[in-house]
Amino acid sequence: KVVETDLYRIRFENRGARVVSWVLKQYRDDQGKPLELVSVAAAKVDRHPLDLEFDDAKVTEALRRAMYLAEVSPGPDGSTRLLFHYADGSGTEITKRLEFRRSSYLVTMQIQAQRDGKPLVPTILLGSGFGTESGLPPSNGDRNDITQVAFSREGKVQHRGRDALRNTHQQNEAGPILWAGLEDHYFAALLLPGTGAEAIQLSLDPLIEEGREKQFLTVGVRPRDGTGYKLYVGPKDRQLLASLNLGLEGIVNYGFLPEIAQALFFLLRHINQATTNWGLSIIILTLIIRLAFFPLTHKSSVSMRRTQEKMKRIQPRIEAIKKRYHSMKRDMANRQKMNEEIMALYAKEGMNPLASMTGCLPLLLQLPILWGFYNLLVNAIELRHAPFALWIDDLSKKDPYYITPIVMGITMLIQQ
């Protein structure tokens, strides 16, 4: 079965009632094709998104191979409903209901399972793997090829990468957990049980190809109780996630003092509305930040220059004092006396010996702003595949010819 909306196209298979393809229509991969978020590893290791696992391994295997009846029907407000149902005639019955809205990445889902009239609580899987990852460590430091498990526990978003499971290949995280799923740098697939999850299970699925072992992450979410879920599969757009009021926006990591990054992004968005070029908008925002700090920077520079001139003028006298005590430098009493004479000279000339350190003050004041700006630029999905000018056709990637870092180095030398 295929479900298609304005935002995505999803293909399910009746065997196991699981997802075999989830394409985001408004985003492209690095080859220019519509972005596929179901990893190629899913079919190879036979673990797909929305697979179910039960405490009884035999039941799990039987239901993974079972052929479900599928029915697609229209829902309210232009939504699409998909129903999967399976019954083996001997007391085992599974029902999956999903509802897709035309202009939302959020899917509502209900899963009911029972055996011999008793309810079963399944673990719902996301994986194996996610997006376009290769299952190998990124060879060029590309953040887009790093998949992690993300989950929210006690109001804090936590992340676990492949390295966390390298020795055990399996790890449990106790609840209560609000939501959990898989993410790469710009996209995520997150499952939210209606009553939260009592635990999640992280695992590594090995795949040997071309003589190399690849590792793909899978996360299993086990709800406390109930049958209702929400599933978000889409971009890590903080503004979009915040509008859902589900506590998902924390997955966009703006680092220390995220409020600064959010405020800067607010300005950047408004600047971009006028320029329609993210690269130009970044330059303008950088100039605004520099102008805002200019009075403080200028005052500090003038103060430093005056201090340097005074130091240059009295430096011969300081050297003379040091020379006079040179032969007695191991004597602590004479060393103390030498320091007192130098300090008296500073006082006579009206100098603060720590004045040279005041030049660091503007940098310290700017540091939170610069750190927030950096985290904003690294994480903003709006910059993904956004062109600037000439040879720079993707602001989320490094300069392929290293022209910009060379120019930056030259301009820094000129400024100094």
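State whether the range 213-347 is rounded, prolate or oblate according to the following rule on the C-alpha gyration tensor (a ≥ b ≥ c being the square roots of its eigenvalues): a/c under 1.5 gives rounded; otherwise a/b larger than b/c gives prolate, and the remaining case gives oblate. Show your work: numbers first, answer last.
Numbers: a/c = 4.44, a/b = 2.21, b/c = 2.01.
Prolate is the answer for the range 213-347, as a/c is 1.5 or above and a/b outweighs b/c.
Taking 0.36 nm per residue of separation and subtracting the Cα-Cα distance, full extension of the segment from N167 to A292 would add 40.0 nm. Residue by residue, the range 280-297 carries 3J(HN,Hα) couplings of 5, 5, 5, 4, 5, 5, 4, 5, 4, 4, 4, 5, 4, 9, 4, x, 5, 5 Hz when phi is fed to the Karplus relation 6.51 cos²θ - 1.76 cosθ + 1.60 (θ = phi - 60°); x denotes Gly or Pro. The long axis of helix 403-415 is offset from the longest Cα principal axis of the chain by roughly 20 degrees.
Each peptide in 218-225, 314-321, 100-107 receives the mean, over its residues, of other Cβ atoms within 10 Å, and ordering these scores from highest gives 218-225, 100-107, 314-321. A straight Cα-to-Cα reach below 19 Å connects K337 with the lysines K322, K323, K329, K348, residues fewer than 8 places away in its own chain not being considered.
Residue by residue, the range 41-56 carries 3J(HN,Hα) couplings of 6, 4, 6, 6, 9, 6, 9, 10, x, 6, 4, 10, 10, 10, 4, 8 Hz when phi is fed to the Karplus relation 6.51 cos²θ - 1.76 cosθ + 1.60 (θ = phi - 60°); x denotes Gly or Pro. A straight Cα-to-Cα reach below 30 Å connects K58 with the lysines K1, K44, K96, K118, K214, K230, residues fewer than 8 places away in its own chain not being considered.
Full extension of the chain between K44 and E61 yields a length gain of 4.5 nm, computed as 0.36 nm times the residue separation minus the alpha carbon distance. Amide H contacts of G75: T80, R81, each under 5 Å away and 5 or more positions distant or on a separate chain (H built 1.01 Å from N in the peptide plane; Pro and chain starts excluded).
I need the semi-axes of the equivalent ellipsoid of the chain: take the C-alpha gyration tensor, multiply each eigenvalue by 5, square-root it, list largest first in whole angstrom. Can you show the working numbers first?
Working: eigenvalues 685, 129, 77 Å².
They are 59, 25, 20 Å, listed from largest to smallest.
A simple spin-label model places pseudo-atoms 7 Å from Cα toward Cβ; at D394 and I414 they are separated by 3.0 nm.
Largest first, what is the accessible-area ranking of H298, H159 with a 1.4 Å probe?
Numbers: H298 100, H159 60 Å².
Per-residue accessible area, sorted high to low, gives H298, H159.
For A199, the residues 5 or more places off, or on other chains, whose built amide H falls under 5 Å of its own are G175, R222. Relative to the longest principal axis of the Cα atoms of the chain, the long axis of helix 258-275 lies at roughly 80 degrees. For the set T195, T132, the ranking by accessible area, highest first and with no ligand, DNA or RNA atoms included, is T132, T195 under a 1.4 Å probe. On the beta carbon distance between Q239 and A174, with R0 = 41 Å, the FRET formula returns roughly 0.80.
Positive end of the dipole of the chain (Cβ unit charges, origin at the Cα centre): among G196, A43, P405, the Cα lying farthest that way belongs to P405. Summing Cβ point charges (Lys, Arg +1; Asp, Glu -1) relative to the Cα centre of the range 262-348 gives a dipole of roughly 540 debye. The residue list F100, A66, F54 was ranked by how far each Cα lies along the charge dipole of the range 54-108 toward its positive end, using unit charges on Cβ atoms, and F100 comes out on top.
Our estimate of slack between V378 and V407, defined as 0.36 nm per intervening residue step minus the Cα-Cα distance, is 8.4 nm.
Between Q112 and K156, how high is the FRET efficiency from 1/(1 + (r/R0)^6) when r is the Cβ-Cβ distance and R₀ = 22 Å? Nearest 0.05.
Working: r = 32 Å, r/R0 = 1.44.
Once rounded, the FRET efficiency stands at 0.10.
Please list H85, H185 from largest to smallest accessible area, probe radius 1.4 Å, with all protein chains kept in place. Write down the numbers at each step before the final one.
Details: H85 60, H185 30 Å².
I get H85, H185, largest accessible area first.
Rolled with a 1.4 Å probe across the full set of protein chains, the surface gives T297 an accessible area near 50 Å².
Reducing the range 357-416 and the range 244-301 to their Cα centroids gives an inter-centroid distance of 12 Å. Using a Gaussian network model of the chain in which every pair of alpha carbons under 10 angstrom is joined by a spring, one finds that among N334, N167, N375 the greatest mean-square fluctuation is at N334. Once you order the gyration tensor axes a ≥ b ≥ c over the Cα atoms, which shape class does the range 364-416 get: rounded for a/c under 1.5, otherwise prolate or oblate by comparing a/b with b/c? Taking the square roots of the gyration eigenvalues as a ≥ b ≥ c, the range 364-416 is oblate.
The values are calculated or read from the model by the stated rules, or taken from the named source; none is laboratory data. None of the values given here were measured: they were computed from a predicted structure. Positions of Cβ are generated from backbone atoms using ideal geometry, with glycine treated the same way; all protein chains shown enter the neighbour counts. The area values use the complete protein model at the heavy-atom level, side chains included, leaving out ligands, DNA and RNA. Shrake-Rupley method; radii C 1.70, N 1.55, O 1.52, S 1.80 Å.
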